[in-house]
Amino acid sequence: MTFQLAGQGAEIYEDVMVPLWFGRWADAMLETVAPQPGDRLLDVACGTGVTTRLAQDKVGHSGHVVGLDINAPMLAKARELAGARDITWIESDVTDSGLPDGSFDLIISQHGYHYFPDKPAALAEFRRLLAPGGRLFYSIWDGHSPYTQALCTAVAAHISPEIAAKQRAQRETQTAAELTTQAVAAGFAQVAVHRQELQIDVPMAEEFVPLHLGSMPIADAFLALDTDQQQALARQVQTALAGYVTQGRMCYPDAVHLVSAQL
Ligand SMILES: C[S@@+](CC[C@H](N)C(=O)[O-])C[C@H]1O[C@@H](n2cnc3c(N)ncnc32)[C@H](O)[C@@H]1O
C-alpha cells in the first residue's frame, strides 16, 4: 500500500482534497490533540502541511514544529504554503529522520500510518523521538465510506479489477483492536482508539470523481480513459449515491480511527 503522487497530484491534493476532506479531519484531530504553546511537535507524513500549519498556530513562537514526508512534491507544496512560518521541513521516510532522541513532546500523523511499510519500525521511531511523557496521535480511515465503496465498484467496472483493488486498499485499514495491539506491542502506555465521524459534503460525482482520482496514485489509469468513459464511471458513482444528495452535493458519513498513546 503506497500513497505516492506524481505530476500535478500534490497541487490537486491541496486544492481539492484538503478543503473537502483532509482539512476537515485536521481540525477534528487538532481539537483532540490540543497542542500547547511551547510544545515541540513532529508531524509525520505531513503531505502538503494542513495539520502542520494548524499545529504551528497552536504551539506559537515558543514551540517548534517539524513536518516530515517522503514525497518531495508534497513537501514543496507544504513549504510554499507555510511562507514565513517557523516550520522545519524534512524529506525522509518515517523511520529515517535522523532527528535526535527525545526531541518532541508531541508526534502527530494524519492518514500516514496506513502507508508505512514497517509499522513496528515506525512506532519504534516514534518512541525514540518522544521525550519522557511525550504523546502520540495518529489517524487512519475506519474502512470505507458510502462514496469510496461506490467509487471502487465503478473503477472495477470501467477501468479494471486490478486498479480497483489498488484504490480499495486505500481503505483496507486496521481495526481498532489491531491498532491497539500494535501500539501496546511497541511499548506505548495509555493506548486508546477514538472513532471520529464527520458528515462530508463534496460536489456531485461528475465534478468530484475526476478531481479526486486525479489526486490519487491511480490517476494515470483514470486519465487514460477517454472523456466518455470517465463520465460513465462518474455517473455510476452518482447513481449509487442518489440517496445521499442534498442541495446539489453528495453528503455522506465518513470516519477515522484516531489512536492516542503516551510514552
Ligand atoms: C493521504 S496523505 C496525508 C497527508 C497529510 N498528513 C494530510 O492529512 O493531508 C499520505 C502522506 O503519507 C506520506 N507517506 C507515505 N509513506 C511514507 C513514509 N514511509 N514516510 C513518510 N511519509 C510517507 C505520503 O507521501 C503522503 O504525503
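Of the peptides 46-58, 225-237, the ranking by mean beta-carbon count within 10 Å, highest at the top, reads 46-58, 225-237. Which residue, G143, N71, A165, has the largest displacement toward the positive end of the dipole of the chain when charges sit on each Cβ (Lys, Arg +1; Asp, Glu -1)? So the residue we want is G143. Shown here is the pair-distance distribution of the stretch 9-262: with all Cα-Cα distances grouped in 10 Å bins from zero up to the longest one, the shares run 7, 30, 34, 21, 8, 1 percent. Placing +1 on the Cβ of every Lys and Arg and -1 on the Cβ of every Asp and Glu, with nothing else charged, gives the stretch 84-139 a dipole about its Cα centre of roughly 240 debye. A cut-off under 13 angstrom between Cβ atoms defines the neighbours of M216, and their net charge, with Lys, Arg +1 and Asp, Glu -1, is +2. Considering only F208, T88, M29, the residue lying farthest towards the positive end of the dipole of the stretch 9-262 is M29, judged by Cα position with unit charges set on Cβ. Centroid-to-centroid, using Cα positions, the stretch 3-55 and the stretch 187-201 are 16 Å apart.
For the stretch 217-239, backbone nitrogen atoms closer than 18 Å to the point 7 Å from V245 Cα along Cα-to-C-beta are found at 231-239. Each label was represented as a point 7 Å from its Cα along the Cα-to-Cβ direction; for L223 and L81 these points are 2.0 nm apart. Placing +1 on each Lys and Arg Cβ and -1 on each Asp and Glu Cβ, with no other charges, gives the chain a dipole about its Cα centre of roughly 460 debye. Summing Lys and Arg as +1 and Asp and Glu as -1 over all other residues whose Cβ lies under 15 Å from the Cβ of G47 gives a net charge of -4.
Taken about its Cα centre, the stretch 165-263 carries a charge dipole of about 260 debye when Lys and Arg each add +1 at the Cβ and Asp and Glu each add -1 at the Cβ. Normalised by 2.2 N^0.38 Å, where N counts its residues, the alpha-carbon radius of gyration of the stretch 24-126 equals 0.98.
Set the Förster radius R0 to 30 Å, insert the Cβ-Cβ distance between D27 and E206 as r into 1/(1 + (r/R0)^6), and round the FRET efficiency to 0.05. The pair D27/E206 has a calculated efficiency of 0.60.
Values quoted throughout were computed directly from the atomic coordinates according to the rules given, and no laboratory measurement underlies them. Since we're looking at a predicted model, the values are computed, not measured. Cβ coordinates were reconstructed from backbone atoms using ideal geometry, including for glycine residues, and neighbour counts include every protein chain displayed.
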